[in-house]
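Q: Pasting a structure below so you can have a look.
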Amino acid sequence: MSDAETFERIPPPTSDHPGPSPTPPGRVRRFVSVAGPAGMVPLVVLILLASVQQFDLVAFGVLSPDIQRTFHVSNGTITVIASLTLAVPIFFAFFVGYLGDRVNRVQLSVLLGLLWGVTAIFTGLAPALAILVIARTVGGVGLIGAETVYPGLLSDFYPPTSLGAVFGAFRVGGQGLALLGGPLAGLIAAALGWRVAFVVLALPTFVLVLVTRALLREPPRGGSQGVSVAAERLGSISEGFRRVRAIPTLKRTWMGAFLFGGGTIPFITLLNTFLKDEYHLGDASRGLISTLFGVGGLVGIVIGGILTQRSVARGQSRRTAVITGLMIVEFAAGIVVMAGVPVLAVTVAAATVLSIGAFGFLPSYTAMVSIVAPPRLRSQAYAWSLFFYSTGAIVVSAVIGGISNAHGQRVSLTVLAALVLIGGLVNASAGRFVDVDIERARRVEAAERSDALLYCRGVDVAYGGVQVLFGVDFEVQRGEMVAVLGTNGAGKSTFLKAITGLLDPVAGVVQFNGRDITHLDPMACTRLGILHVPGGRSIFPTLSVAENIKVAGWLFRKDKGYLERATRQALGHFPILQERWGTMAGDLSGGEQQMLSLAQAFIAEPELLLVDELSLGLAPTVVARLVEILRRIHEKGTTIILVEQSVNTALELAERAIFMEKGEVRFSGPTAELLERPDILRAVFLQGAAAGEELATSSPGATTRRATAAQARRHAEEAAARLLDEPVVMETRSLTKSFGGVTAVYDVSCELHQGEILGFIGPNGAGKTTLFDLVSGFSAADSGQVLLNGTDVTHYPAHERAHLGLGRSFQDARLWPELTVAECLAVALHLEGETEAALPALLGVPRVASSERMIHERVDELVDLMGLDAFRNKFVAELSTGSRRIVELACMLAHRPRVLLLDEPSSGIAQRETEALGPLVRRIRDQLGCSILIIEHDIPLIRTLADHLVGLDLGRVVAYGRPEEVLSDPNVVESYLGAAAEKLSVGVDRPRWAPPAPAATPAATTPQPEQTPDDGPTDEETIALEVRRVMASIRQRREARRVEADRAEEDPPVAVGTRVRDREEGR
């Protein structure tokens, strides 16, 4: 959409209509006709106020040689003091801009005008150089209003299509009247001295301040564009900077402004010192030349205003950046001529001509900022632009002053011209961003009219130079529960981080509860009522459970009664946390840590709760408990966005869902519609073939395939039996481990045979990960032994066990986030290097160079083997959970372990990736000839992957045998699955190669064809049956809940708005 469409509610000015060129009086009349209901009064008043404030500034430039003689300072010093008037106060510009977006701008303008007038008087009365510097510095703060607040007022007083003319008139009027300051200052100084001149020229400022207060009223923000937005609420200066910095046009022009600001701001002072030193001109002569410089500046502003008006009125706002750049280039060319030709007449002519560019960029630059910045951010946009513009003046003028003292005026001006030229070219290049930024400003305005609790439009997010989200559109209404689905790497977790401020979007708008939070920091998002429960560990591991609970209630620390009630309710939902009250959170099991996270969310009572992977690595009974508490949080009035890898869990909870793929939204709508799309479920979560559901009932050759599958199962059982005759490669004998009186592992003995895959299952807190810690050496056993290939390694540290061929993965894929994938693999291969010393590597010893080539070749092999070529040069921190899992496996393969421990390898990865995990683990086992211990909550995966299973509960072995035997053991069903035995087939997504699970209850499954052990389903049939069963099961459970809800008397949910308001007010 072009910027002309953005302003479609405003009719084009009549000057754009065909016809003869109007005369100057005709231009004025036409401008008045399109000025809108505000008329000419606001423009005239602000012009007068800006011009009288310029009197002092111009006078200081004209009288600087006199001031220099009075205080006995060098050319460089007086140049720096001149820059201080605008430069140092610029560090307060962002604060003035911050206020300009939040308070009455007319009243703010009055206060700033008074400040400028008072400090102008102190400039003339300064008895010492220090007082003069303070007066110039403080007075500059008052002058900031003309560059930050006044443009914002004019943007809201007048329609966008007349901004070129408005800002042109504003600059011409202000600079034109300010020209009187030069002659007046020279005349008064010649007669009465330079001190009296400053006092006299300050008086008109006080008159105009009274006129401004009497005639102007605050206009509605954005009113000239057909929208009306409130003043910015809450926020901070840093938030404002983040939001303004996200506008690419401004970000680019800041770089240019930093360079050319060093030329335009102090140039009048540079010109006067140049004329005095090179041509020995007096006050009157320099005043006349300064007047010519000002006249040329007026011509430049007129030209710039006309060009800007034509561009804006014709919908070509991108040209404003080009106009600005060309004006600055013309200014730089004039400086070169002035410095290179030692003739007074040429210098005077050059100074007059270059002033066209020195002032002519102002209308286009001011209009450009107004166009690309949303109404709520205009004052801050002007403030930060002014900050970089004037900061450049401080740095560049100091450099130029030093060069002038060392090498003379002409050399310093030549260097200045080069810097200004670069700044102009950089600014011109910003034109390609203008239309994009106008569209973003339009989105911000549209967001103001949305009644959604969360409104996202066109959100782009990147990690460094790698973009991962592309134009994400998303809305959530108050009280909804929405599921975000998709495969690994789709951008789901990244999207949640962008909402909560953990990542700063590079484009788009995110609005929460009527407020733009696109670039809000995480703490501010939390105060607004947004809470994020990230995937994996989202607790403070070094704090106790009690301390974690206390932290969750920090925002309500003054409401002791609420905290006590909420804590009791949370512990009632999760009684295990009461038992672990004094335990370090890092010592809890994965399920207990997730319970603690949700307990914290329950206490914090957010208005919007973002949950990333609720069922990550958890047993079915734990998932069921978490689902119930999430429903209760929702019933209290909290809106929930749920990212889930388990389609069953997500769709059972949410009424609406979106599906993301490769950073884009591919599906959005009610989950009922998604349930009617088996193609999506099959393609995304079950990796089905293109065949349809009809494969479940008939397909050519089905009988042959069933017979083949049954034969394969018999062969697997025979192979598992033969494995028990193979040598034992790892053995535990009566291992026991306790933490603070809680026994995590008790008297566990097991054997792992050569080539065997031994699986461990059990509820969260059963001791599975603790057992792996004991085997791998990360924890010391209280009693018992660990034997590796017959060697007692019970007291060996972890690295020595690794040298003996033991490899291990972790639940949270512990890698080096700052390294690329290739670098991670190279580090994992360090044992294969010839030397670990740094000096031989630094000197490039041939033996070391050969070793490094060998390591690079091995890295290439691992990248090819694991299919990591697309991620080779990406940082680990940029990878999705599933991709990090694969990299971790590749790192373990690097040192060719003989015994491999895999701790929940499918945790946090989508079903599509899980389907590839089983064959991958088998391929690793076969290629390395290793044996594998694996912990897994994905029952269909572990059932088809493991040769034998061990069931754990409360640290004890409760079952051992073939997967079918262990999974049907009553102790396992009771401890691991609880009453929800159907979770074996429904509650957990099934891989495509898995045979069908036994039906648990008639209500939980759909009728299926009878099968004999020799007549099992094919892969395609299993997929189709799974899709049908999953959809039917979810529908039935939803219907049961609806019936129950209809029969029960429901109390109205507790509104969270009041508590959120309390949180914002700090109560």
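The values are calculated or read from the model by the stated rules, or taken from the named source; none is laboratory data. Owing to the predicted nature of the structure, the values given are computational and were not obtained by experimental measurement. Note that each Cβ is placed from the backbone with ideal geometry, even for glycine, and that neighbours are counted across all protein chains shown.
Q: State the number of residues belonging to region 502-561 that are among the charged types (D, E, K, R) and surrounded by 20 or more Cβ atoms within 10 Å (Cβ to Cβ).
A: Within region 502-561, residues that are among the charged types (D, E, K, R) and surrounded by 20 or more Cβ atoms within 10 Å (Cβ to Cβ) number 1.
Q: Of Ala120, Ala128, which residue is touching a helix residue (DSSP H, G or I) at 6+ places or on another chain (Cβ under 9 Å), buried (at least 20 other Cβ atoms within 10 Å of the Cβ) and in the same structural domain as Leu298 (by TED's automatic domain parsing)?
A: Criteria check complete, one pass: Ala120.
Q: Tell me the residue from Arg217, Arg195, Arg213 that is surrounded by fewer than 21 Cβ atoms within 10 Å (Cβ to Cβ), assigned to a loop (DSSP other than H, G, I, E, B) and either touching a residue at least 12 places away in the same chain (Cβ under 8 Å) or among the aliphatic types (A, V, I, L, M) (or both), please. Walk me through it before giving the result.
A: Working: Arg195 fails: assigned to a loop (DSSP other than H, G, I, E, B); Arg213 fails: assigned to a loop (DSSP other than H, G, I, E, B).
The conditions single out Arg217.
Q: Do we find that Leu806 is among the aliphatic types (A, V, I, L, M), closer than 30 Å to Phe875 by Cβ, touching a strand residue (DSSP E or B) at 6+ places or on another chain (Cβ under 9 Å) and at pLDDT 90 or above in this structure?
A: So Leu806 fits the description; yes.
Q: Please verify whether Thr791 is among the β-branched types (Val, Ile, Thr), touching a Ser or Thr at 6+ places or on another chain (Cβ under 8 Å) and farther than 23 Å from Val921 by Cα, treating the condition exactly as stated.
A: Spelling it out, it is not the case that Thr791 is among the β-branched types (Val, Ile, Thr), touching a Ser or Thr at 6+ places or on another chain (Cβ under 8 Å) and farther than 23 Å from Val921 by Cα.
Q: If you don't mind, another one. Out of all the residues in region 314-324, which are surrounded by fewer than 24 Cβ atoms within 10 Å (Cβ to Cβ) and in a helix (DSSP H, G or I)?
A: Passing the criteria: Arg319, Val322.
Q: Moving to a separate point now. Go through (1) at pLDDT below 85; (2) outside any helix (DSSP H, G or I) one by one and return the number of the condition Ala841 breaks.
A: (2)
Q: Would you say Glu731 is of a type in the set (Asp, Glu), part of a strand (DSSP E or B), under 49 Å from the mean Cα position of the chain (by Cα) and closer than 21 Å to Ile932 by Cα?
A: Yes; evaluated as a whole, the condition is true for this residue.
Q: Grab the helices (runs of 4 or more DSSP H) fully contained in region 571-653, keeping just those with 2 or more residues being touching a Phe, Trp or Tyr at 6+ places or on another chain (Cβ under 6 Å) and at pLDDT 75 or above.
A: Helices (runs of 4 or more DSSP H) meeting the threshold: 590-604.
Q: Test Ile90 against the criterion of being modelled with pLDDT of 80 or more and in contact with a helix residue (DSSP H, G or I) (Cβ under 9 Å, 6 or more places away or on another chain), and give yes or no.
A: Against the criterion (modelled with pLDDT of 80 or more and in contact with a helix residue (DSSP H, G or I) (Cβ under 9 Å, 6 or more places away or on another chain)), Ile90 does not qualify.
Q: Next question, about the same structure. Of all the residues that make up region 856-902, how many are under 22 Å from Met660 (Cβ atoms), touching a strand residue (DSSP E or B) at 6+ places or on another chain (Cβ under 7 Å) and either among the charged types (D, E, K, R) or assigned to a helix (DSSP H, G or I) (or both)?
A: Here the count works out to 2.
Q: Can you find even one residue in region 332-347 that is part of a helix (DSSP H, G or I) and closer than 28 Å to Gly97 by Cβ?
A: The answer is no, given that none of the residues of region 332-347 is part of a helix (DSSP H, G or I) and closer than 28 Å to Gly97 by Cβ.
Q: Name every residue in region 744-775 that is touching a helix residue (DSSP H, G or I) at 6+ places or on another chain (Cβ under 6 Å) and of a type in the set (S, T, N, Q), in order of residue number.
A: The one that is touching a helix residue (DSSP H, G or I) at 6+ places or on another chain (Cβ under 6 Å) and of a type in the set (S, T, N, Q): Asn764.
Q: Let me ask another. Return the residues of region 542-563 that are in a helix (DSSP H, G or I) and within 17 Å of Pro606 (Cα to Cα); say none if nothing qualifies.
A: If we filter region 542-563 for residues that are in a helix (DSSP H, G or I), which is where we start, we get 545-552, 554-556, 560-563.
Selection gives Asn548, Ile549, Lys550, Val551, Ala552, Trp554, Leu555, Phe556, Tyr562, Leu563.
Q: Output yes when any residue across region 297-310 is farther than 25 Å from His407 by Cβ, free of Cβ contacts under 8 Å to residues at least 24 places away in the same chain, among the polar types (S, T, N, Q) and in a helix (DSSP H, G or I), and no when none is.
A: Within region 297-310, none of the residues are farther than 25 Å from His407 by Cβ, free of Cβ contacts under 8 Å to residues at least 24 places away in the same chain, among the polar types (S, T, N, Q) and in a helix (DSSP H, G or I).
Q: Under 14 Å from Asn427 (Cβ atoms), crowded, with 24+ Cβ neighbours inside 10 Å and not hydroxyl-bearing (Ser, Thr, Tyr): does that describe Ile301?
A: no
Q: Filter region 792-828 down to residues that are surrounded by 18 or more Cβ atoms within 10 Å (Cβ to Cβ) and among the charged types (D, E, K, R) and give me whichever is farthest from the chain's Cα centre (by Cα).
A: The extreme case among them is Arg801.
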